[in-house]
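The values are calculated or read from the model by the stated rules, or taken from the named source; none is laboratory data. Since the model is a prediction, treat every value here as computed from it, not as a measurement. Reconstructed Cβ throughout: ideal geometry from the backbone, glycine too, with neighbour counts over all protein chains shown.
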Amino acid sequence: MRLRQKFMTLAWLMGAAIALVCVISYWFASEELENSTDSELRLTATREATQLNGWLETKRAFGESTSNVLTSLNGNMTLLKSREVLGTITSDREILDMAFALEDKYIACYYAGDITGKLDPTTRAWFNNARDLDKAFFTAPYVDVNTNAYIVSIGVPVKANGKFIGATCLDLSLEVLSKQVEAMNYHGEGAGIITEADGNILATAQFGEPTKNFKEIDGIGSHFDEMVRQSNGYFEVTINGEDMVFAYSTVPATGWLIGITVPSSAVFAPLKNLRILFGVLIVGGFLSAFAICLIFSSKITAPVARLEEYSIKLAEGDLTMANLPVASNDEIGALTRDFNGMKENLQKLIAKMTTNSEHVAASSQELTASSQSSADASVHVAETVSEVSDAVSKQMQAIDAAKGNVDTVFKDIKAVEEKSREVATTSNQTAQAAQKGSELMGAAVENMGRIERSVMTSADVVKRLGEDSKQIGQIVESIAAISRQTNLLALNAAIEAASAGEHGKGFAVVAEEVRKLAAQSQESAEQIQVRIDSVQKDTEEAVEAMQTGTDEVKAGTGAIREVGEQFGHILDMVNGIKTQMDAINSSVQTVTNETAEIVKMVDSIDEISKKTADNMRAISASAEEQSASNEEIAAASQALAKMAEDMQEVVGQFKV
């Protein structure tokens, strides 16, 4: 691609960048402008709704102030029914008339006077809603039967002692709505419209007509439900083939909707102007970038073209041309000066190369002869090194075999070391177990001694128990003998008492009781004797068993003492074995360490042998490479001589 074409491409890229910047800027600006337009449309509709709401609230406040005055009369019917209490309406010409009505169907107007009987106020919405809601109330707009004008009424309750007694009614002309819709505009454009909450049109400047419904208007009527839900906003529609924007808002006091229809061309005129502005900027940016690049390319390509012409001559070997003129101090001027300097240096270089090529040709011939001699010497060195390398290889094989044997011995010694360590561990455990067994055996001997002493004590106690039971038997025998004697004495006493007649009856009774007691004592003594005999027999058996147990305990104690002595001998032998195994383990450990050192030394010798073999192979390879290099040097020197001749021919083509 030529330089001028590159500048044209750059111009297109600059234009595209400017266009991209303009498009992005337009997008952001249009977003901001659309948001601003959105806010302004909503604000316009809200401002109109606020204005109408303020007018309605003023009338509501007027009605409430009048009702407050009537309420302050506290039910004074004379004053309440006077015409003067309604005279406040004369200060507001927008109020068509004011009426006051009571629950007894009394009704009077300021202008129409007392119309009681002609009109029943209790059937009117303003009266009933004021009573039921207990606050001021706007009625739906309606056509007045007297004036045939479109009006709206405000009903306000009147009280006495806190209770509802009647209501006031203000009739308001809605001509003010027509004036407001006529004055509504958006930057001088648009037409207004006001509707009830159900869509009935109250006033309009262009679309529809009063008493008709907003929903019947083509294009915008279908949006009525959306307007009721949103209460504030706008939408775009097409009416009679023209694009329009309809902005709307809700009147808080009555729920009426107020809107304005504005041509889209008026609403979005700033966007259109912005679009035109950025279009001009894009086209202008393209043209400016193209013109600037064209001018700069002309100033740059002319000197570059002269440089191209001179460089072609220089490539053909013509160094006799004059220097190029330097027309500027920029990069192109610097390039021209450098080109002139290059031409002069090239002239000097060609002259010097002519001289040097002759010297190179002579030196290359001498280098060829020297390299041939060096190649012969390198071949001899390579053969010698190869023989040494073979000898080192045989030595390395012998060392490898020795290393294998040493490794095998080391593994065997390691196995012996492991087994001796296991035996030492087992002997330690055996010594500990024997020591513990000896301690337990000593405790068993001590316990058997205590058992022996306890059995001996029990035997003594049982013996004493046998002796005591014998003494108890003798005592029981004495008691039995005494009981027999007492029984005989009681029998004799009874006989003597019987012979004494009446005087001996009391004594006979006593003697009989004594005899019975003696018989019972004798019977108890005999039972005790039987049990004593059984106890004595059991005691004798227990004494014999205790004697046998004592003999066995003595025998067991002696056996345990002998076992304890044997455990002592075993413990001494185990400790001796442990000492010997510790010494063996220490010796095996020493042998293992020394064998490990031998393995390390053999490994070191093997490593040195391998390195020596590697070095010898490297030396051999180096010698072979040197020989090859010498041959290459010889070939290169010959080629150099040829190149020197070629250089002389090439230099001869230049015109200096």
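The table that follows gives values for the structure above.
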| read-out | value |
| --- | --- |
| The lone exception for Tyr111 - which of (1) aromatic (Phe, Trp, Tyr); (2) touching a helix residue (DSSP H, G or I) at 6+ places or on another chain (Cβ under 6 Å); (3) farther than 22 Å from Gly75 by Cβ it fails | (2) |
| Scope segment 188-241; condition surrounded by fewer than 15 Cβ atoms within 10 Å (Cβ to Cβ) and of a type in the set (Lys, Arg); matching residues | Arg229 |
| Options Gln522, Gln485, Gln547; residue that is of a type outside the set (Lys, Arg) and at pLDDT 75 or above | Gln485 |
| Boolean, Ser65 is more than 49 Å from the chain's Cα centre (by Cα), at pLDDT 75 or above, more than 30 Å from Val245 (Cβ to Cβ) and outside the structural domain of Ala130 (by TED's automatic domain parsing) | yes |
